[in-house]
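The values are calculated or read from the model by the stated rules, or taken from the named source; none is laboratory data. This is a predicted model, so every value here is computed, not measured. Neighbour counts are summed over all protein chains in view; Cβ atoms, including those assigned to glycine, are modelled from backbone coordinates with ideal geometry. For accessibility, only protein heavy atoms count, side chains too; no ligands or nucleic acids. Shrake-Rupley method; radii C 1.70, N 1.55, O 1.52, S 1.80 Å.
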Amino acid sequence: MAYKEKIDMSRLPVHIAVIMDGNGRWAQQRGYDRIVGHQNGVTSVRETTEAAAEIGIKYLTLYAFSTENWGRPKQEVDALMELLVDTIEKETPTLNKNNVRLRAIGDLSRLPEGAENKLRNCLKQTETNTGLNLVLALSYSARWEITAAAQAMCRDARDGRLNPDDITDRVVASYLDTRDMPDPDLLIRTSGEQRISNFLLWQLAYTELYFTETHWPDFRKENFYQAIYEYQQRERRFGK
Ligand code: IPE
Ligand code: IPE
Ligand code: MG
């Protein structure tokens, strides 16, 4: 039986986060340049977004580019940025057709100007959509996010807008880029690596982690549904 049919639709995760990893290895194994792996990864993004929308997942966060990824060779960074802009432009009508709202977390000011503008354009064009929230983590890292939150809290305390004694974990969360999103229920990482790589460190506190050997360019709807099925076999205790 297909995994989709095995999923209990009454207990779906609300928020699924994905570390899309293994594009470079997928390409190298086939004798291609790494960028071909990134290009093929776009199909997986499309499939995963469709799969999430089909069953009514509310939030899908995709780790597309980390703060540390700026340190890759310029040629790869440029190619990734171009791919990003092209894909976003091409997919905006489909997102609108499917009632998907695009969002972004991360330091967007570091993106090349053209890329940032085109991204902001798409964010604006899909902002009233009420279906799936597709969240791109771009130029994102959790330590960047938490550091920025600490700076903002200190500024507000200095200017009398925030009393340090009133800071709770909810207040901290309200200073993060994810302020209006629930924490992920499930994190998927592809390509066999079992680490977090500076992704959502605060938000993953009680998230279920799922690792698969499949490289991102091979990831399809069935892989996504399998991850949800496996998630549903687990017992979440939240320390209780
Ligand atoms: C993930 O694939 C995509 C990005 C980080 C942008 P990689 O490029 O990390 O591929 P591997 O892990 O080297 O195979
Ligand atoms: C994490 O993958 C970042 C993204 C998927 C965007 P990396 O390939 O950059 O992480 P490491 O280097 O394996 O930890
Ligand atoms: Mg990688």
Would you mind computing, in nm to one decimal, how far apart the modelled labels at residue 163 and residue 146 are, each placed 7 Å from Cα along Cα→Cβ? 2.7 nm
Among 106, 203, 27, the residue whose Cα sits farthest towards the positive end of the charge dipole of the chain (+1 at Cβ of Lys and Arg, -1 at Cβ of Asp and Glu, taken about the Cα centre) is 203
Determine which lysines satisfy two conditions relative to residue 58: a Cα distance under 27 Å, and not lying fewer than 8 residues away in the same chain. 4, 6, 90, 97, 118, 124, 221, 240
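Rounded, prolate or oblate: which fits region 66-148 when a ≥ b ≥ c are the square roots of the eigenvalues of the alpha-carbon gyration tensor, with rounded for a/c under 1.5 and prolate only if a/b beats b/c?
On the way: a/c = 2.41, a/b = 1.45, b/c = 1.66.
Oblate is the answer for region 66-148, as a/c is 1.5 or above yet b/c matches or exceeds a/b.
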Assuming a ≥ b ≥ c are the square roots of the Cα gyration tensor eigenvalues, decide whether region 104-240 counts as rounded (a/c under 1.5), prolate (otherwise, with a/b larger than b/c) or oblate. oblate
Between residue 70 and residue 179, what is the label-to-label distance in nm when each label sits 7 Å out along the Cα-to-Cβ direction? 2.2 nm
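Once you have a ≥ b ≥ c as the square roots of the Cα gyration tensor eigenvalues for region 159-240, tell me rounded if a/c is under 1.5, and otherwise prolate or oblate according to whether a/b is larger than b/c.
On the way: a/c = 3.02, a/b = 2.13, b/c = 1.42.
Cα axes put region 159-240 in the prolate bin.
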Contour minus Cα-Cα span, residue 50 to residue 197, at 0.36 nm per residue, comes to 50.3 nm
When all protein chains stay in place, what accessible area (Å², nearest 10, 1.4 Å probe) is found for residue 230? 60 Å²
For the chain the mean separation of alpha carbon contacts under 8 Å (6+ apart) over residue count, i.e. relative contact order in percent, is 31 percent
